[in-house]
Structure formats: C-alpha cells, structure tokens
Amino acid sequence: MKQDYPVIQCDVLIAGGGSAGVMAAIRAKELDKDQRVIVLEKGDAKYSGCIARGMDALNIVSIPGIASPELYVESNSIACEGIMDEPPNHMMAQRSYGVMQRLVDLGVCFPVDENGNYDILQVHPKGKFCVTMKEPELKTILHKKMIELGTEVMNRTMAVELLKNEDRVTGVIAVNVRTGEICVIQAKSVILSAGGTARFGLPNNGNLYGVYDFPGNTGDGYCMAYRAGAELSGFEYTLTYYIVKDINAPLLYITLTRGAHLYDAYGNRKDKEHPSLRSLNYEDVINRSGPLRITMDHLEEETIAEIENLLFTTERPACERFYEGRGINFRNPGSDGEIELWGTEVFLCGGHGITGVRVNEKAETSVRGLYAAGDTSLVARGHLSGAFVYGEISAESATEFAHTVDHCEVDTGAVDRFLAKRAARLAQSDNPIAIEEFEYKVRRIINDYLRAPKNEYKLKRALWWMKRFREELSTMVYIKDMHDLFKSYELENIIQCAVLSATASLERKESRWLPWHYRTDFPETDNERWLKHIVLTQGEHPDDVVVAHKEIIRMAKEELTNA
Amino acid sequence: MPENMLTALSDNIVIDKDKCIFCGKCIDTCILDNLRMKIAPCTKACPLGVNCQGYVQLIGRGFEEEALEEVEKSLPFPTILGRLCSAPCEAACHRRAVTGEAVSIRALKRYLTDRLQDRQPVTPEIKAATGKRCLVIGAGPAGMMAAYVLRLEGHDVTMIDAAAEPGGMLRWGVPEFRFPKSYLDREIHRLEQMGIDIQCNMAVGLEVQFSDLVKQYDAVIVATGCPEPKYLGMDNENAMGITHALPFLIQMRAGRPPEVGRKVVVVGGGEVAFDVAQTALRLGAESVSVYCLETRNELLADPHIVRIAENEGVVLNTGFGPTRILVRDGHFCGLELHNCTRVYDENDNFSPRFGDIITTCEADTLIVAIGQTRTPGGLIKKGLQYNELTYRLEGYDTVFVAGDFASGPATIVEGMRSGREAAISVIRLLQGQHLSYERAYEGPVVTEYAISTDRGSALERTAIPVRHSKGPGDFHEVEQTFSEEQAAAEASRCYSCGSPVGRFRTCWFCLPCEVECPTDALYVQIPYLLR
Ligand SMILES: Cc1cc2nc3c(=O)[nH]c(=O)nc-3n(C[C@H](O)[C@H](O)[C@H](O)COP(=O)(O)OP(=O)(O)OC[C@H]3O[C@@H](n4cnc5c(N)ncnc54)[C@H](O)[C@@H]3O)c2cc1C
Ligand code: SF4
Ligand code: SF4
C-alpha cells in the first residue's frame, strides 16, 4: 500500500528547539535568510528545554581582561580530569563573550553593579567565568527572534530517526507526539540539539518527571546520531548533581558565592575548600558524610533578599513555592532555614557532563551533513554557553554544507520499515504493562546498576536487563494510544543510552571523576592507560556497540598561548 | 482514562474556575504536553469549535467584550449565527441532559453582538500578498467563510454567485423577520473591505464555464449550496396556487412578494416550513396550517421557532402526509392527507409508514417546504465524491467543495465549518503542504469525565424575548435580544462543565502554562511527591 505522509524539504534541519536549537536557527537564518530552516520540537519551542523560565548564570564567559580562553581550557581540563578535546573547548570560550554580547543586544539582562561591572563568579577550578544573568524571558526572547527571522517551527514533533544516503545524512523521520502521524523532512544538513538524557535514573522523589534536567530530553539526539553511525563519547560519565533534596532544583552556586555556609551531616563546615558539585557528591557517596546542608541565617538581609530575588524569578521560580510549603525561610536558624542537599538521579549530558556526540570545533560529527550542539554534543561541560556558541557554530557549518549539496531522494525503504515498526507497536494494545510502569522499572534498574559505585558485575547486570527491557518493550508493554506510542520511542532511547553507558563504563577499567565513574573493582585513576576517550559507534545493529579508544585532541602549546 | 503509575498521582495543576476562560492557551504552551482540556459538551459539539463555555462564563462575569472576542476567535460572523444557528451546542448542553432545558447559548451570542454592535468586529491582520488566485463559487455561508479564511492568508480571492446579490440562503432563504438583511449586508461589506472581489449574476455553466475557471485559478472552492426545491412528486404539483418554499422566499427577498390566498396550507416540518407559514400570515393569509409527518417530539424545527409561529396563529398538524393534491379549474383547492404511523425506521433512516385515517384540508394556496437539493446536473456532472477531511473533489487537484453543495442540505454552521476546512486545504495546497496531516486529530481534549452541576444557578431557562407580528405587512424581526439582567441570569445557569487538567502528571513545574494564562486562572503546585 502506498503510504501517505508529508514530505517536507528544507536546507537546514534542527532537531530540538531548546537553547542550542533556537540559537542555531537564528544564526542559520542570519547567514542566509533565503534558506529554509526547520526546527523540530517535541514540546513548544517558545519555552521548551532547560531554559523554560530563564537561567541565573551564563556559566562560561571568557571576558577579555578577566579570564582568557586559554585559562578556561586549562581549568576545564582539570575539571574533566583530562578527558577533554581542547580545540572545541577553546573555540567555545573564545566565542563566549561574543555570544553574551549578542544576548545583551537582544535585551537579555545581565545585572551590573554601580560601576557597570557584571557580577562574575568563580565556579571553575581556575578563573572567573560565571556571569550572573537574570532573565526569565531568555527563551521567549530567543524564540521571538528565531520566528521573526523566518524559521519554521514544527512543535510537538519528535525527531526519531535520521535518514541517510550512503555516508551522508539526508533527513529525518519525525513523529507527531499527539497524533502519532509521521512526517519526513528532507534536509541538506541536520543539526542535533535534542539535549541529553535527563530521564535516565529514577529520582529519589519517586516522580518520573521530577528530575533535575529537562525531562523532555531522553537521549534522542545521542541515539539518532549513534544509529546513523556517528561517534559518541563519555557515556561512562554517569552524572549526579548535588542539589536541593526532593525538588531537585539547583541553588548551590548562587548561595555559596554570596557567602552561604555549607555543612556536612556532622556539622563540619565544607564551604571553605571550593566545593563543587562533584566534591559534594564525593563527600556523600565516598566519605558518607552527607547529606550536606546550606545555611544563610548569618547573611545580611540584603544578601538574602538578593539570593531570593535571583532564585525566585529565574531558572526554577517554582522553588519559592517549595520553600514556602516546607516553611523554610533562609533567615531562620536551624532546620527552618537550612536547605538540605542530596545527590540527584543519574543522568547523561554534554553540557553538565562530558557525554555526547563527538564534535570538532566546527560542530561536525563524524558523519557527513550531521552536526551537533548543546547537551547533545560533546563540548565538555559547556553548559548554556556551550549550547549557544555551538548553536551558532553548527549553524555556520551546516549552512555552508547545505550550500554545496542537493537533496537526495527519500529512502522510502527506511520510511516503510519505520512505518511497519510503528504499526507493530500500535498492534500491541493487549499487553499487560503500562508504559509508565515500564519506564519506572527501567529507570530504577538504571539507578541500581549504572550509578556509582560501579563494578563489572553490576554493569553486566545492567546489560542483561536492558536486553530484556528491549524485548519487553514489545512483548509486555501496551500501546493503546498515540501518547503511549510516543513514549515508546522515548523509552527505546533511554534503554539504548543505558546500553551505551554500561558498555563504556565496563570498558573504562579505572575510576575517574569520582564519584561518578567509581569502579570498586578498579578504584584507582590510571592516567597511563585511560587518559583517552571511550568512543562508541554502532556495529551491525543497535545492540552491537563497537568500542574504540581515541586520543585526547590537544592544541599545540603555541596555539593555546597565541590564540 | 486508564490509570497508570503517573496518572494515579494527584494533579498538581490547580484551576480557578471563576477565572478560567477555557481558552486552551495553557495546553498549547505546556512544554511536556502534560495538559489536556476536559472539553465542555457545548464546545465539543460546535462544528466551528467556538469556546461556548468560555463566552457564556465571561458573560456571567460581566466581561462582554472579552466574551465576544472569545467567540470571534473561531467565528468571524457572530451576528449571523447568533440569530440563525441550529445550535448543536444547546442540544449537547449538560444542563439540558440534567434539567431538560439547555443554556441559551445561541441567544447569549446574539446578546453580545447586539450589546456591542457599534464595536468594530475583530478581523485579524491579512498576511502579505501571496499572488495566488482563489475562486469561491457561491456566496452563501460556506463560501463567505472560505473566502474570509483564504483572504486572511493573503490570497487574492474572487467570490462569484449566480444570484443578483451575495449571501446565498442567508439572503434568499431566511425571511427578514428572522434575519434582517442589514446584518447580512454588513458582513458582505466587511468581506469586500478585506479585498474580496464579489461578483454576482455569474452563473457557472451559463456566463462562465467551470472547466475554464479551474484553469484560470490556482484553486477553486465550490459552495453553490442546494438551491433546487424538492418536489412532492404528485400529480398537479404545477397547478396554480402551488408554490415551493424556496421560490416563495426568494420572491419575498427580491421585493416581489408572492400572492397568497385566504387559506394557506404548508407541507413540511423543518424551520423553513414555519418561515413560509409566518411569511404567509404577514402577506395577509387569514389562516395558515402546517402539516408534517413527524410528531411534535420528532419535529426538526427548533421548538422555540415552532412556539413563536403558533403564537402568531400558525396551526400545526402533526403526523400527516399528503396523498393527493386537489385541483379545481386548474387551481389548487385542497390537500388530501393520511396519517403517518412512523417516520424513521429502527436505524433512524427516513422511511415513513402510513395508516388509514384520511383527512382533507381545503385551502387556496399550497406551499411545499420539504427541503432542497443540489441543482441537478449542475457544475459537476459525475457523482459528487470528495475527501471528508480535506473536501477535495475526487478527480481534481485544485477543486474543493463546501457547504450544502458537499453535504446536501445541512445547516449554516456546518456550511461555515466545511467552508473553513476547504479553505484550509487550499491554503495547504498553495503552500505545498500535506493536505490531511494532523487534521483527523480531535485536539488535546478529554471527553469522558464526570461533570459537577454545583456551579449552575437554579434558575429556569430565560425565555427569549419576542416581538410578535402586528399583522399583515409587519416584517419586523421577531426574536429580540436579552436584557443585561436576562443575559446574566441565563449565563448563571451554565454548569461550566469543562476545565484544563494536568492529564498525564508529567509536570516539571516550569511554569510557562501559568505565565501564558491570560486570566491568572492556573496555579502550578509542586507535585505532592516533591513537596
Ligand atoms: C535546572 C537547570 C539549571 C541550569 N542552570 C544553568 C546555569 O545557570 N548556567 C548555565 O550556563 N547552564 C545552566 N544549565 C545548563 C543549560 O541550561 C543547558 O546546558 C542548555 O540549556 C542545553 O541546551 P540544549 O539546547 O542542548 O538542551 P535543551 O535546552 O534542553 O533543549 C533540548 C530541546 O530538544 C527537544 N527535544 C528533545 N528530544 C527531541 C526530539 N527527539 N525531537 C525534537 N525535539 C526534541 C526538547 O524538548 C528541548 O526543547 C542548567 C540546566 C538545568 C536543567
Ligand atoms: S487556565 Fe488560563 S490558559 Fe488555561 S484554559 Fe483557563 S484561562 Fe486559558
Ligand atoms: S508547569 Fe507543568 S503543566 Fe505547566 S508548562 Fe510546565 S510542565 Fe507543563
């Protein structure tokens, strides 16, 4: 039977309309206003992604005269314990001030003091790179700009599979998350900016969506890239954050950089030794001295008010409701004023961590015509700055590439296979298990076996389970409506990410980034053997993960000093 | 809704139903697609998707401008439907299910248009010119809606009509005392002001050839309605003194009032039958009897209209169908009828059965009002087959159909709906988009949910004020508008059934829904597990 689905042509296709995606769209239209740029977005691009209600800081800005890009490379390399390609990071830092200026021009608020200086905080091992931002409308400002420039946005549309022609990516198959219809977008170049895997481990609060990172992100970017043959790295970097218990929202740097105190469970002060999210996790997981707590009752009213102002207007403004509900007032001494921190669920992310699709300083992946940006890409710990800068860079490269190629015929065979699989899913309505229950179990098992401390036994159990889950997704889970269908694509990717993570974790037979990749069977860090990437690519089929070791890409010393 | 681990959690989305206007903005905004609208039965029933619950509630709160704006979001012609809509919303109204009397949703719409008649209707901005030329054939409600939608998109729109003036049934079929012509003229004028080129006296097949038009325009929408009267198919149906509803009404509107005898008999049970009956009274008939097959409960006409007609003196005889037309000297002189024992069969198909009671009715004028059909042969020779989602005519790439022409005799609101759907198809076609993608979806709604009746007042349905004909020659509008107090009372009867809901419990408490809500009606709690 001839299938009837929309086939849309564009020059640059952007999968994911979050921070990186909108910036990529803006840049692509600026470079060539006549090219057709389409953004596929699972939610609604006006707000979707991590920056729904703004951000309180642009974490990496190399402001001339304050902290150089070279210092950032050095500093971030320390934070990544050496597993960091220098050129993309250098490029990111180099362009970070430009991106910040662009945001300023768009009207984004970066508060300045009476002398007109930005509020710049030190959150990295070396150098002050973190600039306070106070802009609840950050996403809507960018969204407006993107629309004004003529970007076409397809909301509620999930990119599921890349189409290829020989070695080149030529388009995407997407699914409408409400109607379940598919559509095919032919593109000359594709940018993946679908975030990381936020729905990975099960959070302590027990709510599948009560996670730290944006729960719409289910590793779709990683999985699409993987299935298209691109190189992935850093999947053993199984990140947990250390933030406010239960609500899983951050507040650490805002408070600590303004003089808050940090205590461990035994009442020892911990804020003096430059705590980082990792060191706090270390305290808790390795030293067993958690939970840690923040107190502010010793601060001036003015400072507390400033903290509240930042905290309750941007990033996660709902926090105010949370504290109110708990009866917490930062001014109070004791437990009525202190904030208890815990480790979050485990998640994978290129922006907060170092998991992602490997890219060079041009945002090119290892597959022709395919680019990646933001948390999907591996620009280690680039945060929002990385998302914005690589949004721009990916757009530049993708636009240039799009100018050199033509559209390829749609691979109707691939589309037909996709449709056949979709039909099979829709036919499994009589199975006994709801997809939500299934997700709960998958993510609980991810917690059990993929979160530090790890060892070979646990990681192999993880693989055993994931193989089983892959089968159960078709034999046990019911798909009764389009909502279930859409979630099944997400679950497939969460499972795939777990397979990748277990494989990479098994491979790295050392411990690094403690506690995140803490292997109890290989407790030492071994720079001799393991100062390199664990690169994953797809073999014959998705379960056949091909593992390779790749050297860290460094810049010549002169480049770093002269650049 | 099937329960699962998530949906068994409590809903953290709190709606203040005193503030919510059920606009759905929050649902469109949610970045995790968590929200759904428990859609009110009225809103769900509206072919145009007018937010009935929202505007009724707004009237109850005293926000009349906002209420009208809410209507105009999906209905550019509220003055028309405020008077003439068949009001499927009221048929579906939960208040009707519970107490037997629906909220007067239509009359409240009319109230808004009357109250705010000096206000300029809100017409969205017309998009930049596309250079594409669209033709709408037929300037009735379906054509008007199609032309409106196409024009907003920036297309060049020509609307042609065979009649001397545009409006279709709104002009020719509906009598003045139900829909004063001035309202129609106002809407037509508005369409012209938008830049729609309306050309009359252009009968396709006579003045212009359909095949030429298809070639000349980038897209064509055929909405020529069902302008042919249905015949009883009995001997003597052409005798003097016999006329059919449509030509009768057209003569009226064209300023050539037909002559009627002293005693008039009308055959038919729809609203048109009562329209012609009331018209006949106004033309000086001494008595007017309506005969129909149906029982009172089965009548197709709105009971409110029947009541008005009866109050004016129209005599309704239910359960009879004509057997013979009686003629004296070539002139109609009476009707022989037999009793009807059932109109519809078990499957609700029209399949009347008759008994053996025979009656005759003497009269001088017979008006047959048993419906209309498409012009036989007409534009499209082959059988009319079209796609039910896109309204594209089978066998053509650029021709679409709408209104009664597509569906057979239906209603104004249905015509407007299909006019809009056909126009959307044209817009997609001209933009190179897929015609049906996303269109079968019923929207982000929940339809099965328990309705609380706590909110409705105990008042009975407010009678719609009427101004009865003062006798022959009085064609003044019959139905009148609610007073402010009446409107408020009527609106207070609404249960306010629907509500947005955090359907999937996939909330990240990120707040865009709350920020976008125009009335501060939505509050996002921290989910209980996290609180
Ligand atoms: C709570 C929180 C606080 C943070 N605070 C800071 C801070 O103060 N400073 C800082 O520098 N950084 C901060 N970050 C990090 C920063 O926000 C992210 O690194 C950045 O937003 C990543 O951008 P992105 O475009 O890669 O991902 P996102 O912004 O998450 O966007 C991904 C988008 O892709 C969509 N998507 C996912 N899958 C698909 C698919 N298959 N098809 C279509 N669309 C898809 C999603 O709906 C989403 O809109 C914070 C992050 C979080 C979660
Ligand atoms: S809660 Fe607000 S946005 Fe949502 S339907 Fe009601 S009024 Fe509209
Ligand atoms: S707060 Fe919840 S319901 Fe509102 S937009 Fe965010 S996820 Fe959706």
message: Given the DSSP H assignment, sum -39500 (n - 2.57) over each helix run of at least 4 residues in the protein assembly as shown and divide by its residue total; what's the result at 222 nm in deg cm²/dmol, nearest 500?
response: -10000 deg cm²/dmol
field: region B:375-455: GluC sites (Glu not before Pro) in DSSP coil with no more than 16 other Cβ atoms inside 10 Å
entry: B:388, B:394, B:438, B:442, B:448
Bins of 10 Å from zero: percent of alpha-carbon pairs in region B:143-224: 17, 48, 30, 6, 0
statement: Mean other chain Cβ within 10 Å across A:204-213 is 5
task: Within the set of other residues whose C-beta is less than 12 Å from the C-beta of residue A:458, count the net charge using Lys and Arg as +1 and Asp and Glu as -1.
output: +2
message: Give me the one-decimal nm value for the distance between modelled label points at residue B:119 and residue B:388, 7 Å along each residue's Cα-to-Cβ direction.
response: 3.8
- prompt: Once a ≥ b ≥ c are taken as the square roots of the eigenvalues of the Cα gyration tensor of region A:1-89, is the result rounded (a/c under 1.5), prolate (a/b larger than b/c) or oblate (a/b not larger than b/c)?
  reply: prolate
- prompt: Taking a point 7 angstrom from the Cα of residue B:61 along the C-beta vector, which residues in region B:453-467 have backbone N less than 13 Å away?
  reply: none
- request: Once you've got the Cα coordinates, tell me which of A:487/B:73; A:29/B:215; A:145/B:38; A:487/B:25 are over 30 Å apart.
  value: A:487/B:73; A:29/B:215; A:145/B:38
statement: Expressed in µm² per second, the diffusion coefficient of region A:103-153 from the Stokes-Einstein equation, with Rh the Kirkwood radius over alpha carbon pairs, at 4 °C and 1.567 mPa s, is 101
- line: For chain A, the Cα convex hull volume per residue in Å³ comes to 144
statement: Chains A and B: accessible area buried, summed over both chains, 1.4 Å probe, nearest 100 Å², reads 3700
message: Taking a ≥ b ≥ c as the square roots of the Cα gyration tensor eigenvalues, with a/c under 1.5 meaning rounded and otherwise prolate when a/b beats b/c, else oblate, which class fits region A:413-480?
response: prolate
field: Environment charge at residue B:61 (Cβ cut-off 10 Å; Lys +1, Arg +1, Asp -1, Glu -1)
entry: -2
field: Percent carbon-and-sulfur accessible area, the protein assembly as shown, ignoring ligands, DNA and RNA, probe 1.4 Å
entry: 48
message: Return the equivalent ellipsoid semi-axes of region A:242-343 as a descending list in whole Å, where each equals the square root of 5 times an eigenvalue of the C-alpha gyration tensor.
response: 21, 14, 13
- line: One finds, for residue A:444 and residue B:396 with R0 = 60 angstrom and r their Cβ-Cβ distance, a FRET efficiency to the nearest 0.05 of 0.60
- line: Rg (one decimal) and Dmax (whole number) from the Cα set of region B:1-159, in Å, equal 18.6, 56
field: Rh by Kirkwood over Cα pairs, then Stokes-Einstein D for region A:427-550 at 1.567 mPa s and 4 °C, µm²/s
entry: 83
message: Students often get this wrong: which residues of region B:229-269 have the backbone nitrogen under 17 Å from the point 7 angstrom along Cα-to-C-beta of residue B:327?
response: B:231-244
statement: In Å², rounded to a whole number, the accessible area per residue of the protein assembly as shown with probe 1.4 Å is 39
query: At a probe radius of 1.4 Å, what is the per-residue accessible area of residue A:272, in Å² to the nearest 10?
result: 150
- line: Note on region B:330-465: alpha-carbon gyration tensor, axes a ≥ b ≥ c; rule is a/c under 1.5 for rounded, else prolate if a/b larger than b/c, else oblate; result oblate
Alpha-carbon radius of gyration plus Dmax, which is the widest Cα pair, for region A:38-180 in Å: 18.6, 59
Region A:215-230 residues near the modelled residue A:166 label - backbone nitrogen below 19 Å, point 7 Å along Cα→Cβ: A:228-230
- request: At 7 Å along the Cα-to-beta-carbon direction for both residue A:149 and residue B:208, put a label point, then send me their distance in nm to one decimal.
  value: 4.3
query: For chain B, taking Cα atoms only, what is the radius of gyration to one decimal and the Dmax to the nearest whole Å?
result: 25.0, 91
Heavy-atom accessible area, 1.4 Å probe, ligands and nucleic acids excluded: residues of region A:46-85 down by at least 30 Å² from chain alone: A:47, A:52, A:53
message: Quick check on my link table: of A:458/A:509; A:46/A:134; A:134/B:127, which ones sit more than 24 Å apart, alpha carbon to alpha carbon?
response: A:134/B:127
- prompt: Per residue and in cubic angstrom, what volume does the convex hull of the Cα atoms of the protein assembly as shown have?
  reply: 186
field: Computed over region A:189-264, the ratio Rg/Rh where both radii use C-alpha atoms and Rh is Kirkwood
entry: 1.08
message: Need one number: convex hull volume per residue for region B:228-372, Cα atoms only, in Å³.
response: 107
- request: Loop only per DSSP, at most 15 neighbouring Cβ atoms within 10 Å: give me the GluC sites (Glu not before Pro) in region B:49-107, ordered by residue number.
  value: B:101
Residues losing 50 Å² or more accessible surface upon assembly, region B:434-460, compared with the chain by itself, 1.4 Å: B:434, B:437, B:438, B:441
- request: Starting from the Cα of residue B:476, step 7 Å along the direction of its Cβ; do the same at residue B:216; then give the gap between the two resulting points in nm.
  value: 4.6
message: Can you give me the C-alpha center-to-center distance between region A:96-110 and region B:175-238, rounded to a whole angstrom?
response: 57
- request: Report the local net charge at residue B:517: Lys and Arg +1, Asp and Glu -1, summed over other residues whose C-beta lies under 9 Å from its C-beta.
  value: -1
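The values are calculated or read from the model by the stated rules, or taken from the named source; none is laboratory data. Everything numeric in this text was worked out from a predicted model, so none of it was measured. No Cβ is skipped: glycine too gets one built from the backbone with ideal geometry, and neighbour counts run over all protein chains shown. For the accessible areas, the whole protein counts, side chains as well, though only heavy atoms, and no ligand, DNA or RNA atoms are used. Shrake-Rupley method; radii C 1.70, N 1.55, O 1.52, S 1.80 Å.
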